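Colleague: Input: one structure, supplied below.
The values are calculated or read from the model by the stated rules, or taken from the named source; none is laboratory data. Predicted model only: the values in this text are computed from it and were never measured. Neighbour counts run over all protein chains shown; Cβ positions are idealised from the backbone, glycine included.
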Amino acid sequence: MSERKNESPILRYDPKTFGYSVIADAPEVSQNHKSGKVYFSEEIMEREIEEIFMKEWLLVGRAEEVEKAGDYFTHDIGDEPVVVTREKNGNVQAFANVCRHRGVKVAWGEGSTKYFSCPYHGWVYDTSGNLVDAQYLDKSKNFDKKNCSLPRIRTELWEGFIFINFNEEADPLMHSLEAWDFPKTYEPYQMGRLRLANKFSMDIPSNWKFLNENLTDIYHIAVLHAATFGPAQPLEGYRYKTFDGGYHGRFTGGTLVPEGKSLFGPIPWLPEELHSGGFSSHLPPNVAWFPRFDYVSIGTNWPTGPDTSVSITYQLFPEEHFSQPDFKEKAQQYVDFYKAFMDEDTDMIKALQKGMKSRFYEPGPVSPFEAGVMGTIKHAVDDLGHE
């Protein structure tokens, strides 16, 4: 997390009541951001990859995805391919998914293996990234396998979530999480005890920042989502606080299924005062958190081009639910509902993307319910070093 000056809170927050009493001015963002170009410029996206995604902690998956030694999954961040695996000693570790010979990927998709193998020249690596075989080079006097291991990428876990960081000089993961009050806010959910039930991705025809902004925008819920989750998530029930880069919002109401009625009931260990509604939060640079009283949904938003992105969603439930005979059918309803309201969002985000190229575009007044949006924007602008 980069150093920033402390800003006055947008909302004066009372931690005892999770309420706000005074609305201050939203933080100012740079004049550069007032041009729609930041949402479709190839140059700016390249800077975002280098100054944001190559320097901040990134959530790339769940520990359950690499539950046993040799389990792995792959992920691309800009032009950087990554493979995450569980080593023989039980450690979860990310590596650059790039053969040390000619740069070809050594792993695709997900699965389980004892070795990663380059399909081009047959170089073989174990699950700790060590080169174990390089055909026809073993007898070379100048060749040393120890110098050809897959590059390790910093990897840390929190509550079952796997984070990576390309920056060796970055502060530990908990430095950022604690600065943004994530451990304290979400301690009651004990997310490490939850298990991954569903993981799915959606291609979105817009800049990745619009996904972030849309998922922190409370203002649009009652309008755009009136036919899906809007009625179960009333704006007047929202109480939220902002921090430099995002927000935590607490509301009372339903969950993310039709009519807001849970198919499982509250998470067994959740305190009674949280047996309604839930939270929404933004974790910089690209994670949307949607804990509800019966499950937890997390979305990560990744740039695939200046005006294209992919959203990856993880849905977590208590492990004891998985033994229910109809669990898969029930859990699928949470997937279907999530995709339904994301379809509503996608239509609007696509329209936003187009609007950015208009010569008449200029940001308008900001609602108090868009405080999280402004904090998210400011964080990205500060990371890019705009004046």
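Colleague: Check 205, 172 and return the single one that is in the same structural domain as residue 281 (by TED's automatic domain parsing), more than 17 Å from the chain's Cα centre (by Cα) and either hydrophobic (A, V, I, L, M, F, W, C) or farther than 26 Å from residue 238 by Cα (or both).
Modeller: Values: 172 fails: in the same structural domain as residue 281 (by TED's automatic domain parsing).
Sole residue among the options that is in the same structural domain as residue 281 (by TED's automatic domain parsing), more than 17 Å from the chain's Cα centre (by Cα) and either hydrophobic (A, V, I, L, M, F, W, C) or farther than 26 Å from residue 238 by Cα (or both): 205.
Colleague: For segment 105-121, enumerate the residues that are part of a loop (DSSP other than H, G, I, E, B) and modelled with pLDDT of 95 or more.
Modeller: Looking only at segment 105-121, we keep the residues that are part of a loop (DSSP other than H, G, I, E, B), and these are 105-109, 113-114, 118-121.
If the condition is that a residue be part of a loop (DSSP other than H, G, I, E, B) and modelled with pLDDT of 95 or more, then 105, 106, 107, 108, 109, 113, 114 are the ones that fit.
Colleague: Please list, ordered by first then second residue, the pairs with beta carbon atoms under 7 Å, 6 or more apart or interchain, first in segment 39-64 and in contact (Cβ under 8 Å) with a residue 12 or more places away in the chain, second charged (D, E, K, R) and assigned to a loop (DSSP other than H, G, I, E, B).
Modeller: Listed by first residue and then by second, the contacts come to 40/307; 40/357.
Colleague: Only one residue in 98, 60 is more than 21 Å from residue 158 (Cα to Cα), modelled with pLDDT of 95 or more and either out of contact with any Ser or Thr (no Cβ under 6 Å at 6 or more places or on another chain) or in a loop (DSSP other than H, G, I, E, B) (or both), so which one is that? Show your work before the answer.
Modeller: Numbers: 60 fails: more than 21 Å from residue 158 (Cα to Cα).
Just one listed residue meets the conditions, 98.
Colleague: May I ask you to verify whether residue 148 is crowded, with 20+ Cβ neighbours inside 10 Å, among the hydrophobic types (A, V, I, L, M, F, W, C) and modelled with pLDDT under 95? Walk me through how you get there before you give the answer.
Modeller: Working: crowded, with 20+ Cβ neighbours inside 10 Å: no; among the hydrophobic types (A, V, I, L, M, F, W, C): yes; modelled with pLDDT under 95: yes.
Here the answer is no, as residue 148 does not meet what is asked.
Colleague: Only one residue in 357, 330 is among the basic types (Lys, Arg), outside any strand (DSSP E or B), surrounded by 15 or more Cβ atoms within 10 Å (Cβ to Cβ) and out of contact with any Lys or Arg (no Cβ under 8 Å at 6 or more places or on another chain), so which one is that? Let's see the steps before the verdict.
Modeller: Numbers: 357 fails: surrounded by 15 or more Cβ atoms within 10 Å (Cβ to Cβ).
330 is the lone residue from the list that is among the basic types (Lys, Arg), outside any strand (DSSP E or B), surrounded by 15 or more Cβ atoms within 10 Å (Cβ to Cβ) and out of contact with any Lys or Arg (no Cβ under 8 Å at 6 or more places or on another chain).
Colleague: Can you tell which of 237, 265, 253 is touching a Phe, Trp or Tyr at 6+ places or on another chain (Cβ under 7 Å) and either of a type outside the set (A, V, I, L, M) or at pLDDT below 85 (or both)?
Modeller: Values: 265 fails: touching a Phe, Trp or Tyr at 6+ places or on another chain (Cβ under 7 Å); 253 fails: touching a Phe, Trp or Tyr at 6+ places or on another chain (Cβ under 7 Å).
Of 237, 265, 253, the one residue that is touching a Phe, Trp or Tyr at 6+ places or on another chain (Cβ under 7 Å) and either of a type outside the set (A, V, I, L, M) or at pLDDT below 85 (or both) is 237.
Colleague: In the set 342, 374, which member is assigned by TED's automatic domain parsing to the domain that holds residue 239, at pLDDT 70 or above and in contact with a strand residue (DSSP E or B) (Cβ under 9 Å, 6 or more places away or on another chain)? Show your work before the answer.
Modeller: Numbers: 374 fails: at pLDDT 70 or above.
Result of the check over 342, 374: 342.
Colleague: I need the full set of residues from segment 163-181 which are farther than 16 Å from residue 285 by Cβ and buried (at least 17 other Cβ atoms within 10 Å of the Cβ), in order please.
Modeller: So the first thing to find is which residues in segment 163-181 are farther than 16 Å from residue 285 by Cβ, and the list is 168-169, 172, 174, 178, 181.
Result: no residue meets the conditions.
Colleague: Residue pairs, Cβ under 8 Å, 6 or more apart or interchain, first in segment 108-125 and at positive phi, second exposed (fewer than 14 other Cβ atoms within 10 Å of the Cβ). List them.
Modeller: Qualifying pairs under 8 Å: 122/135.
Colleague: Residues of segment 238-276 being in a loop (DSSP other than H, G, I, E, B) and without any contact (Cβ under 8 Å) to a residue 40 or more places away in the chain, which ones? First the steps, then the outcome.
Modeller: Step one: list which residues in segment 238-276 are in a loop (DSSP other than H, G, I, E, B), which gives 238, 244-245, 252-257, 261-271, 275-276.
Selection gives 252, 253, 254, 261, 262, 265, 266, 275, 276.
Colleague: Continuing with this model, one more query. Can you tell me which of 122, 103, 90, 129 is surrounded by 14 or more Cβ atoms within 10 Å (Cβ to Cβ) and over 24 Å from the mean Cα position of the chain (by Cα)?
Modeller: Details: 122 fails: surrounded by 14 or more Cβ atoms within 10 Å (Cβ to Cβ); 103 fails: surrounded by 14 or more Cβ atoms within 10 Å (Cβ to Cβ); 90 fails: surrounded by 14 or more Cβ atoms within 10 Å (Cβ to Cβ).
None of the others qualify; the one that does is 129.
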